[in-house]
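Below is one structure, written out as C-alpha cells; the observations come after it.
The values are calculated or read from the model by the stated rules, or taken from the named source; none is laboratory data. None of these values were measured; they are calculated from a predicted model. Because the Cβ atoms are built from the backbone with ideal geometry, glycine has one as well, and the counts that use them run over all protein chains shown.
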Amino acid sequence: MLVLTAAEVYALLDLDHLVDAIAGAMAELSSGGASLSQRAVATVASCHATLISMPAFLPSTGTLVTKVVTVFPENLDRPTHQAVICVFDPETGTPLALLDGTHITAARTAAGSALATRLLARADAQSITVIGTGVQARAHARAVVRILPDANLTLTGRDVGKAELVASELSTSLGRTVEVIASTEEAVRAADIVCATTHSDVPVVMRDWLAPGTHVNSVGHNPSGAGEVDAHIFRDALVVVESRLAALAAPPSGATEIGYGIEHGIISADDIRTEIGQVLGGEAPGRTDDTQLTLYKSVGIAIEDAAAVSLILDAARARHIGTQVTV
C-alpha cells in the first residue's frame with residue numbers, strides 16, 4: 001500500500017488541473033456514470049462534532065475511494081475538518097493507497113467553487129469577497145482568483161484582527177493586495193462574486209445585500225440554525241448543487257439552508273433541481289442574463305475526493321513519491 005503524507009499530498013496536487021478534473025467528475029456523476037452513496041455519520045455531541053464516511057467510485061479514472069473525515073467546528077489550534085482517504089483496486093477490492101485527506105478536502109471544495117464561478121459568474125465580474133478566516137477562506141481565495149486573476153480580492157470576517165492576519169498571509173502568497181473590509185454587509189454589497197466559507201448558524205449573506213447579477217458560492221456547514229446564506233437567496237437565484245441527493249439529504253448531511261428554507265416554506269425540494277454536472281453537459285441552463293442571481297451550494301461529495309486522488313496518485317507514481325508499506 002502506498003502511503004502519502006500531508007506534505008506529499010500538498011506537493012503533488014495541482015490546483016489548476018484539479019478544477020478540470022472535478023468538472024469531468026461532476027459531469028460523469030450527473031450523467032449516471034459515477035457511483036455515490038449517502039454519508040454515514042456518527043455524532044460526538046459533547047464537541048458538536050461528527051465523524052463521516054464518504055465512499056465513491058469514478059469509473060473514468062478507475063478510482064474507488066472512501067474518505068473518513070471528522071468535523072470538529074470548535075477546533076482552534078488545528079483544522080476543523082481532518083481526514084484520511086483509502087483507495088481500493090476497483091477489480092479486486094484490495095487496498096492500494098492511504099492518503100492524508102485534510103488538504104484534499106480543502107482544495108477540492110475550493111476547486112468546486114472555482115468551477116462554479118467559471119460557469120456561473122458574469123463575464124465582466126471584477127470583485128471577489130471571501131467571508132471567513134479559516135482553511136476554506138484561504139483555499140477559496142487561492143482557487144477563485146485563478147479564474148479571475150485581475151479581480152479585486154476582499155476578505156471579511158467576524159474577527160477583524162484575524163481577517164487582517166489572513167489577508168496579510170494571502171497578500172504574500174498570492175503576490176497581490178488582499179483588502180479587509182470590517183463590515184460583512186459592506187463587503188458583500190461591493191462584490192460581484194461572494195464566497196461564504198463559515199460555520200455560522202445565522203446568515204452572513206442576506207438577500208437584500210446582493211446586487212443584480214451577483215454570484216454566490218457557499219460551502220459552510222452548520223446543521224443547527226438557518227445556515228450561512230439567507231434562504232431567500234435560494235428562492236430568487238438560479239441554484240446549482242453538486243448532487244441533489246446530497247444537498248437534500250436529512251441533517252446533518254444535507255445543506256442546512258435548503259432544509260431550513262423547505263421547513264419554513266420559503267422554497268421546495270423541486271426548486272433544487274440543477275446539478276453542476278448538468279450545466280457542464282448542457283442538460284440544464286446556467287446563467288441566462290447579467291442581472292440573474294446565481295448560487296452554488298456545496299456540501300462536499302466523495303466524487304470530488306476521487307477526482308483529486310486520481311491526480312495525486314498519477315503524480316506520485318510519475319515522481320516516485322510516497323512510502324510503500326505492507327499491511
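A few comments on the model shown:
- Only one entry in Gly254, Gly227, Gly300, Gly261 is part of a loop (DSSP other than H, G, I, E, B), without any contact (Cβ under 8 Å) to a residue 60 or more places away in the chain, out of contact with any Leu (no Cβ under 8 Å at 6 or more places or on another chain) and surrounded by 20 or more Cβ atoms within 10 Å (Cβ to Cβ), namely Gly227.
- Residue count for the range 49-84 under the criterion of being surrounded by fewer than 19 Cβ atoms within 10 Å (Cβ to Cβ) and either under 17 Å from Asp100 (Cβ atoms) or more than 21 Å from the chain's Cα centre (by Cα) (or both): the result is 14.
- Here Leu148 clears all of (1) closer than 30 Å to Phe57 by Cβ; (2) surrounded by fewer than 23 Cβ atoms within 10 Å (Cβ to Cβ) except the condition numbered (1).
- Selection status of Gly282, under 28 Å from Ser60 (Cβ atoms), surrounded by fewer than 16 Cβ atoms within 10 Å (Cβ to Cβ) and either touching a Leu at 6+ places or on another chain (Cβ under 8 Å) or of a type outside the set (A, V, I, L, M, F, W, C) (or both): yes
- Checked against the criterion of being over 24 Å from Ser113 (Cβ atoms), at pLDDT 95 or above and not acidic (Asp, Glu), the candidates Pro59, Pro55 yield just one match: Pro59.
- Scoring Phe72 on the criteria (1) touching a residue at least 12 places away in the same chain (Cβ under 8 Å); (2) within 30 Å of Gln324 (Cα to Cα) leaves a single failure, condition (2).
- Out of Ile22, Ile85, Ile128, one residue alone is assigned by TED's automatic domain parsing to the domain that holds Asp201 and under 27 Å from Leu280 (Cβ atoms). It is Ile128.
- Every condition in (1) under 29 Å from Val69 (Cβ atoms); (2) in contact (Cβ under 8 Å) with a residue 12 or more places away in the chain; (3) in a loop (DSSP other than H, G, I, E, B) holds for Val216 except the one numbered (3).
- Filter result (aliphatic (A, V, I, L, M) and either crowded, with 21+ Cβ neighbours inside 10 Å or assigned to a strand (DSSP E or B) (or both)) within the range 24-48: Ala25, Met26, Ala27, Leu29, Ala34, Leu36, Ala40, Val41, Ala42, Val44
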